[in-house]
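The values are calculated or read from the model by the stated rules, or taken from the named source; none is laboratory data. Model, not experiment: these values are computed from the prediction. Every residue, glycine among them, receives a Cβ derived from its backbone with ideal geometry; neighbour counts consider all protein chains shown. All accessible areas refer to the heavy atoms of the entire protein, side chains included, with ligands and DNA or RNA removed. Shrake-Rupley method; radii C 1.70, N 1.55, O 1.52, S 1.80 Å.
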Amino acid sequence: MNVHEPERRLVTLADVARAAGVGESTVSRVLRNQGSFSKRTQDRVAEAVARLGYVPNRLAGMLAGSGSTAGAKLVGIIIPSLTNIVFPDLLRGATAALDRDGFQSVIGVSDYDPEREEALIGALLSWRPAGLIVTGLEHRAGSVARLRASGIRIVEMIDTDGTGLDIVVGFSNRAVGCDSARHLIARGYRRIGYVGHDITLDLRAAKRLTGFRETLAEAGHPLAETEIAPGPSSAAAGRAALGRLLAARPDLDAVYFSNDDMALGGYFHCLADGIAVPERLALFGFNALDIAAAMPQPLTTIRTPRLEIGAVAAERLTAGGPAETVDLGYELIPGATA
């Protein structure tokens, strides 16, 4: 900053009062549109606000007024990640529906950390929102206690394998795993491996793996080998993990991935090592990302209705209906890699 420039500071209510030539209490009444003031005073305050760029402190107003309903049009949304496109898609669907109904969303990101999710739940509930949308059905005991005691509508989204607290919107991840295994078995694959990211944090990926493993075993073809990459999913993690998996079991004829990010990395590994897909090795993903469909060989995967899940979650939350589970299903995309 140029040393001759005045230091920037936050414009206060007192600044507006001085500029308008009135008291701070008068400015407060005008901004809240409460109490008595003349049209001339209102115009002077409005002109000062516009000229100074003043933004009212709504939180201070909430704290100052006991019994305030300022949070009545807020909805909190907690997702585990912003780097995985699945969750921004959920947000797009939810926020668009909330906007249409006149609600504002406040978003928190837990980074797949249950303790952080609990802290976010507490922080968002302190605003006394109209409702809260969270991801998944598994939460810490403290989170469950706070949600149950909140007295507001709760929506848990993107999973239906379990018992919800109130409204549940999503699909069965376990069924996704079962159908993925059936697809590979029906096409003649028998030596099948798995590549995934940290399933101790991503419990929905763990449920898909459970369904996949059980279905293979029931068909008499147990899962041959697994490779779990530490941390979140990514194309780089998928590429490295497939390399390790094939080093341990070079005879595999198909690999199931925890999601399309990991599968895309696996495809890159095959390109780099000259492994023919699907003739030598079949690849199966999950999520039907746009980039997976744009691959030279479109990925075999599962399409999930992410935008619709977000929208329905928001709509059911604001509609005031009964507790329910809404299963929106999914679609298997045959692709060209399996």
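Laid out as a table, the results:
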item: Gap separating the Cα centres of the range 275-338 and the range 125-186, nearest whole Å; result: 17 Å
item: Farthest toward positive dipole pole in the range 294-338 [+1 Lys/Arg, -1 Asp/Glu at C-beta], among P296, P334, V312; result: P296
item: Helix-only CD estimate at 222 nm, as mean residue ellipticity for the chain, using -39500 (n - 2.57) per DSSP H run (n ≥ 4); result: -13500 deg cm²/dmol
item: Accessible area per residue, Å², the chain with all protein chains present, probe 1.4 Å; result: 48 Å²
item: Sorted peptide list for 116-123, 148-155, criterion being average Cβ within 10 angstrom, highest first; result: 116-123, 148-155
item: For the range 13-56: relative contact order, % (alpha-carbon pairs under 8 angstrom, 6 or more apart); result: 43 percent
item: About the Cα centre, charge dipole magnitude for the chain (Lys/Arg +1, Asp/Glu -1 at Cβ), debye; result: 1120 debye
item: Volume per residue that the Cα convex hull of the range 173-303 spans, once the total is divided by residue count, Å³; result: 91 Å³
item: Rounded tilt (10° steps) of 235-248 against the dominant C-alpha axis of the chain; result: 20 degrees
item: Between helix 260-273 and the chain: long-axis angle, C-alpha atoms, 0 to 90°, nearest 10; result: 50 degrees
item: Hull shadow area, averaged, the chain [alpha-carbon convex hull, nm²]; result: 23.4 nm²
item: Crossing angle, helix 39-52 versus the chain [Cα axis fit, 0-90 degrees, rounded to tens]; result: 50 degrees
item: GNM result for the chain, Cα springs below 10 Å: residue of A323, A17, A311 fluctuating most strongly; result: A17
item: Bins of 5 Å, starting at 0 and running to the largest distance - Cα pair percent for the range 13-56; result: 5, 29, 40, 22, 4
item: Surface accessible to a 1.4 Å probe, H221 within the full protein complex, Å²; result: 50 Å²
item: Top of L52, L307, L91 by mean-square fluctuation, Gaussian network on the chain, Cα under 10 Å; result: L52
